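A.B. asks: One structure is given below, represented as structure tokens, and several questions about it will come after.
The values are calculated or read from the model by the stated rules, or taken from the named source; none is laboratory data. None of these values were measured; they are calculated from a predicted model. We place every Cβ from the backbone using ideal geometry, glycine too, and count neighbours over all the protein chains shown.
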Amino acid sequence: MNQHAVTLTPQQTLGEAAEVMRRIDTGFVPVGENDRLVGTITDRDIVVNGMARGKSADDAVREVMGQEVLYCFDDQEVAEVARNMGERQVRRMPVVDRDKRLVGIVSLGDLSTDGDPSAAGVALEQISQ
């Protein structure tokens, strides 16, 4: 997992979210408030739920972010995380500790290079369906 997770707040703008994504070269950023995850925002959220619906770069992240927070725990087995990612059809997932505080982000790439390549392959197959 990437332990240097950047977060946004719901009050930040879509323009700020896009700039953060550009700077750290990702299309996924967790959204946090008061030390808790409250959502996630993707580049697709900005375009499809934002720009295509008349939102501007000055509108708030909260207006387009996904509010269902899917996450895994930092002590879960890699195969279990991969299976969950496949079932939920997500390529990235916030990683939290048992106090539900963000400690990183895991991607399918992380699972395949640093974890269990066969589990990552199964997850990718499920996501691609």
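A.B. asks: With the condition kept exactly as written, say whether any residue in segment 73-84 is in contact with a helix residue (DSSP H, G or I) (Cβ under 9 Å, 6 or more places away or on another chain) and modelled with pLDDT of 95 or more.
C.D. replies: Looking through segment 73-84, at least one residue is in contact with a helix residue (DSSP H, G or I) (Cβ under 9 Å, 6 or more places away or on another chain) and modelled with pLDDT of 95 or more.
A.B. asks: Right, next: Output the residues belonging to segment 101-129 that are closer than 16 Å to M1 by Cα and either modelled with pLDDT of 90 or more or loosely packed, with under 15 Cβ neighbours inside 10 Å (or both).
C.D. replies: Matches in segment 101-129: R101, L102, V103, G104, I105, V106, G109, T113, D114, P117.
A.B. asks: Next question. Looking only at segment 1-43, count how many residues are among the charged types (D, E, K, R) and modelled with pLDDT of 95 or more. Give the steps one after another, and end with the answer.
C.D. replies: Kept after step one, since they are among the charged types (D, E, K, R), are these residues of segment 1-43: 16, 19, 22-23, 25, 33, 35-36, 43.
From what's left, modelled with pLDDT of 95 or more: 16, 19, 22-23, 43.
The qualifying residues number 5.
A.B. asks: Go through segment 90-100 and count every residue that is in a loop (DSSP other than H, G, I, E, B) and either at pLDDT 90 or above or surrounded by fewer than 12 Cβ atoms within 10 Å (Cβ to Cβ) (or both).
C.D. replies: First pass over segment 90-100, keeping only residues in a loop (DSSP other than H, G, I, E, B): 90-91, 97-100.
Retained after the next criterion (residues that are either at pLDDT 90 or above or surrounded by fewer than 12 Cβ atoms within 10 Å (Cβ to Cβ) (or both)): 97-99.
Going through segment 90-100 one residue at a time, the tally reaches 3.
A.B. asks: Exactly one condition in (1) surrounded by 17 or more Cβ atoms within 10 Å (Cβ to Cβ); (2) assigned to a helix (DSSP H, G or I); (3) of a type outside the set (S, T, Y) is false for I41; which is it?
C.D. replies: Answer for I41: the failing condition is (2).
A.B. asks: For residues that are within 12 Å of I105 (Cβ to Cβ) and among the polar types (S, T, N, Q), scanning just segment 1-38, find the one that is surrounded by the fewest Cβ atoms within 10 Å (Cβ to Cβ). Step through it out loud before you land on a result.
C.D. replies: Step one: filter segment 1-38 for residues within 12 Å of I105 (Cβ to Cβ), giving 1-7, 24, 26-30, 37.
With among the polar types (S, T, N, Q) added as a condition, the list becomes 2-3, 7, 26.
Working: N2: 15, Q3: 9, T7: 17, T26: 17.
Looking at residues that are within 12 Å of I105 (Cβ to Cβ) and among the polar types (S, T, N, Q), I get Q3.
A.B. asks: Go through segment 39-72 and give me each residue that's of a type in the set (S, T, N, Q) and closer than 26 Å to N84 by Cα.
C.D. replies: Within segment 39-72, the first condition is being of a type in the set (S, T, N, Q), and the residues that meet it are 40, 42, 49, 56, 67.
The answer is T40, T42, N49, Q67.
A.B. asks: Quick one: in segment 1-31, of everything that is farther than 24 Å from A82 by Cα and among the small types (G, A, S), which residue is farthest from the chain's Cα centre (by Cα)?
C.D. replies: Restricting to residues being farther than 24 Å from A82 by Cα and among the small types (G, A, S), the top hit is G15.
A.B. asks: Something else now. So in segment 61-83, with the set limited to residues that are among the small types (G, A, S) and surrounded by fewer than 18 Cβ atoms within 10 Å (Cβ to Cβ), which one is nearest to R101 (Cα to Cα)? Before you say what the answer is, go through the steps one by one.
C.D. replies: Restricting attention to segment 61-83, the residues satisfying the condition of being among the small types (G, A, S) are 66, 79, 82.
Pick out the ones that are also surrounded by fewer than 18 Cβ atoms within 10 Å (Cβ to Cβ) and you get 66, 79.
Details: G66: 18, A79: 22 Å.
Among those residues, the one meeting the criterion is G66.
A.B. asks: Quickly run through segment 44-77 and pick out the residues that are part of a helix (DSSP H, G or I) and either of a type in the set (S, T, N, Q) or under 16 Å from H4 (Cα atoms) (or both). Steps first, please.
C.D. replies: Taking segment 44-77 and keeping what is part of a helix (DSSP H, G or I), we get 44-53, 61-63.
Correct list: N49 only.
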